[in-house]
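Single-structure report; data block below.
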Amino acid sequence: MSSRWSEIFFARSKGNAEELPLYGRAVGIVVAALLLALIFSFAFSRLQYGWDWAAVYRYRQKFLTGWLVTLAISAASLVASLVIGLCAALSQRSAFLPLRYLGKIYIELIRGTPLLVQILVFFYVVADAFGIGNRYLVGALTLALFAGAYISEIIRAGIESVGESQLESARAIGLTRCQTYRYVVFPQVMRRILPPLAGQFASLIKDSSLLSIIAVNEFTLNAQEVNAFTYSTMESYLPLAVGYLALTLPISMLSRYLERRYRYAS
Amino acid sequence: MRLRLKGVVKRYHGLTALDGVSLQLSDARSVVLIGPSGGGKSTLLRVLAGLEMPDQGSVEIDGEPLEYSEQSLIRHRRGIGVVFQSFNLFPHLTALENVTLPLVQAHGYGKVPAKEYAMELFGRFQLEAHAGKRPFELSGGQQQRVAIVRALAVKPRLLLFDEPTSALDPEMTAEVLDIIAELRAQERELILVTHEMGFARRVADHCLFLGAGRILESGPAQQLFSEPQTAELRGFLGRVLKY
């Protein structure tokens, strides 16, 4: 009897591999979900709160617009941050020393200061001085610069994790430096950095909420406004959580899928 | 092959790996380097492969002096096949792609001809069944055979083997040595660093004994093994042939 229970609730190891039967996984997920549901339903049931979803529902269009703006800004800065991160990572391997140190200083400054301050400085000082008034452009760029610093460290670590023997092998078969990066280094780096990269992208999406302070009309700002109009705080912010999850979950799922696809032992 | 080395010195962080190696060979087809670990064998091989620049001295292969600009080094490396101790296949590529990568990227083959040609070589070395596998799915011996095919495929003028069997168990060692012996029988020009003394003796036209970064003895393999002149070589052979 006890062995049947343990079969349902525990992963069994066979040698080095783990054996997860389908029903075991299903039971595990349901139990975990039930546990969480129990805790939160208890917490919410204790709440003395007059729910008024109708008031918030009237502003559904606002939520949608904000969500789409967040999606657009995140997508733009995601692409830009990859480019910036790659350039910063490569700059640190550059033979031209000023470039190398520019890369280092950029990374330390960005990683060492709050995003909030960066947004304010870039929007009110830097962008203003260069005559860039578009807060969406500045917002997306600031986010890209912010995430780029982290991404460059992820890429740098990935490049360094490709062994010296691989580089030597590439040299031995007569590849140029560019070809070595293109055909030997990057394909291996890609697979290794996917998990941290996906985490960084999820952070970037959530960090975009800070752009509300320069009045970028994104998801969080809209939720704040709805809250101000309706005084329905929970009803304004809970959809916010769901909206961000709808963006971040696909990213981590995509990353898992790609990880499986590019799997090889090394 | 014709090899001419003059006073080649290579230091790493103050350690002298090659301490003035000079050599003149005019008609050896297969050269074997033997000697104690850390004696400079691998470093010498890496200098010949264009993977390491000597600090001093000059190297001439078949009358062409080695130049150390990136451009001419790349040209030099493309004309030479190197097989490493730890196989060094690219883990993200299949066995076949490992062979076609240099063909396509460094030797101007089209993708399809490169694939056909590589498959033909795989057939010749009984590797067809493994063409689509990644290195981690292959045994050490199979990986090393793929690495040898990769080195051979580019029709190099010279094949360099850096302890190709040191990471293999005896059975796999045999399958790799068989291939090298076969290449030797085809009169391929090759330079081999090895600890397999019996094999060294069998395939070497010319044998070099390196110790402490110098060539201590050089001559036909038979002569080196049967009548070692220096105390170092006698000592070395005594130790490695003891068991």
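The values are calculated or read from the model by the stated rules, or taken from the named source; none is laboratory data. What you see is a predicted model; the values in this text were computed from it and never measured. As a convention, Cβ positions derive from the backbone with ideal geometry for all residues, glycine included, and neighbour counts pool all protein chains shown.
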**OP:** Look at the range A:51-103 and say how many of its residues are polar (S, T, N, Q), within 16 Å of A:Leu211 (Cα to Cα) and surrounded by fewer than 20 Cβ atoms within 10 Å (Cβ to Cβ).
**Re:** 1
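Just to check your reading of the model, which residue among B:Ala129, B:Ala147 is among the hydrophobic types (A, V, I, L, M, F, W, C), assigned to a helix (DSSP H, G or I) and buried (at least 18 other Cβ atoms within 10 Å of the Cβ)?
Result of the check over B:Ala129, B:Ala147: B:Ala147.
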Original post:
Do we find that A:Ser203 is of a type in the set (Ser, Thr, Tyr) and either within 14 Å of chain B (Cβ to nearest Cβ) or buried (at least 20 other Cβ atoms within 10 Å of the Cβ) (or both) in this structure?
Top reply: no
**OP:** For B:Pro113, work out the one condition from (1) farther than 16 Å from A:Ala172 by Cα; (2) within 14 Å of chain A (Cβ to nearest Cβ); (3) not small (Gly, Ala, Ser) it doesn't fulfil.
**Re:** (2)
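Got at least one residue in the range B:201-219 being of a type in the set (Asp, Glu), in a helix (DSSP H, G or I), under 23 Å from B:Leu158 (Cα atoms) and touching a helix residue (DSSP H, G or I) at 6+ places or on another chain (Cβ under 9 Å)?
No, the conditions are met nowhere in the range B:201-219.
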**OP:** Examine the range B:162-169 for a residue that is touching a Leu at 6+ places or on another chain (Cβ under 8 Å), under 26 Å from B:Ala28 (Cα atoms), within 14 Å of another protein chain (Cβ to nearest Cβ) and buried (at least 21 other Cβ atoms within 10 Å of the Cβ), and state whether such a residue exists.
**Re:** yes
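Only one of these is under 21 Å from B:Ala167 (Cα atoms) and of a type outside the set (Val, Ile, Thr): B:Glu97, B:Glu137, B:Glu116. Name it.
B:Glu137
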Original post:
Given the conditions (1) within 13 Å of chain A (Cβ to nearest Cβ); (2) loosely packed, with under 15 Cβ neighbours inside 10 Å, and given that B:Glu64 satisfies all but one, which numbered condition is not satisfied?
Top reply: (1)
Original post:
Just for the range B:205-243: of the residues that are under 17 Å from B:Gln24 (Cβ atoms) and of a type in the set (Gly, Ala, Ser), which one is surrounded by the fewest Cβ atoms within 10 Å (Cβ to Cβ)?
Top reply: B:Gly219
**OP:** Quickly run through the range A:145-180 and pick out the residues that are small (Gly, Ala, Ser) and more than 7 Å from chain B (Cβ to nearest Cβ).
**Re:** A:Ala147, A:Gly148, A:Ala149, A:Ser152, A:Ala157, A:Gly158, A:Ser161, A:Gly163, A:Ala170
Original post:
Out of all the residues in the range B:122-129, is one or more within 13 Å of chain A (Cβ to nearest Cβ) and not basic (Lys, Arg)?
Top reply: no
**OP:** Give the residues of the range B:107-120 that are crowded, with 19+ Cβ neighbours inside 10 Å and either in a helix (DSSP H, G or I) or at pLDDT 95 or above (or both), sorted by residue number.
**Re:** B:Ala114, B:Ala118
**OP:** Mind listing just one residue for me: the one in the range A:210-261 that is surrounded by 14 or more Cβ atoms within 10 Å (Cβ to Cβ) and not in a helix (DSSP H, G or I) and, of those, nearest to the other protein chains (Cβ to nearest Cβ)?
**Re:** A:Glu218
Subject >> Long-range neighbours under 8 Å by Cβ, at least six apart or interchain, first residue modelled with pLDDT of 95 or more within the range A:218-247, second surrounded by fewer than 17 Cβ atoms within 10 Å (Cβ to Cβ) and not in a helix (DSSP H, G or I) >> reply: none
Subject >> Candidate set: the range B:1-44, residues that are free of Cβ contacts under 8 Å to residues at least 24 places away in the same chain and part of a strand (DSSP E or B); chosen: the one surrounded by the fewest Cβ atoms within 10 Å (Cβ to Cβ) >> reply: B:Leu15
Subject >> Candidate set from the range B:90-106 (those that are in contact with a Leu (Cβ under 8 Å, 6 or more places away or on another chain) and outside any helix (DSSP H, G or I)); member that is surrounded by the most Cβ atoms within 10 Å (Cβ to Cβ) >> reply: B:Phe90
**OP:** Say whether the condition of being farther than 21 Å from B:Ile74 by Cβ, within 14 Å of chain B (Cβ to nearest Cβ) and either free of Cβ contacts under 8 Å to residues at least 40 places away in the same chain or exposed (fewer than 15 other Cβ atoms within 10 Å of the Cβ) (or both) is met by at least one residue in the range A:135-144.
**Re:** no
**OP:** Would you confirm whether any residue within the range A:197-212 is at negative phi, in contact with a strand residue (DSSP E or B) (Cβ under 6 Å, 6 or more places away or on another chain) and of a type in the set (Gly, Ala, Ser)?
**Re:** no
**OP:** Sort out which residues of the range A:1-27 are part of a helix (DSSP H, G or I) and either of a type in the set (Phe, Trp, Tyr) or closer than 30 Å to A:Met234 by Cβ (or both), and write them in order of number.
**Re:** A:Trp5, A:Phe9, A:Tyr23
